[in-house]
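Nothing in this text is a laboratory measurement; each read-out follows from the coordinates by a stated rule. Predicted model only: the values in this text are computed from it and were never measured. Here the Cβ positions follow ideal geometry from the backbone for every residue, glycine too, while neighbour counts run over all protein chains shown.
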Amino acid sequence: MIILVNPRATKPQNRRFPLSVMMIGASLPQTESWEIVDGNRPDIEPLSVITALVDRLSHTSDPVRAVAFTVMPGPQLANAVPLTRAVKAHHPDIPTVWGGNFGSLYPKPVLNAPYVDWLVRGQGDHTFTELLEVIDGHRDPQTVAGLCFRKADGSYHVGA
């Protein structure tokens, strides 16, 4: 299970479909389950929803493998930071992934955040699918176009 998160970016009455995470979900292999947590929905507490999903699926054949966030500059960034930090604090073994406009433009600040494990730059549909192969240990992350991460020595790999 992949959780795709659209952090709050607007007031609920101004919300739009979370097209960026919908595109990522639609591009995943048919064998991969996914769910969207849209922070722009009225009366939603994204952390509670994410934690409940992780807990409910933890002892099943389809546990949560990654929590991925789309992040734009502005209000969404202001909501994504504490939400990602809280998700990582509650579930430190689950990889957290950022994608979207902010990380594509500013990869190093994102990679400096200890609560972000992976960054997908640019159009993320192919990169995210290949990242799942990396997470499963079947692929070298340095061979994935658009994938950025901190190396063990503290340096960055900023995929083009």
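So for Ser61, Ser27, Ser20, fewest C-beta neighbours within 10 Å to most, what's the order?
Numbers: Ser61 5, Ser27 15, Ser20 18.
Result, fewest neighbours first: Ser61, Ser27, Ser20.
Rank these for me by crowding, Asp125, Asp55, Asp153, going from fewest to most other beta carbons within 10 Å.
Fewest to most other Cβ atoms nearby, the residues stand as Asp153, Asp55, Asp125.
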Work out Dmax and Rg for the chain from the C-alpha atoms and quote the Rg first, both in angstrom. 14.6, 46
Dividing the helical contributions, -39500 (n - 2.57) per DSSP H run of n ≥ 4, by the residues of the chain yields a 222 nm value, nearest 500 deg cm²/dmol, of -11000 deg cm²/dmol
Residues Trp98, Trp34, Trp118 arranged by fewest to most Cβ contacts within 10 Å: Trp34, Trp118, Trp98
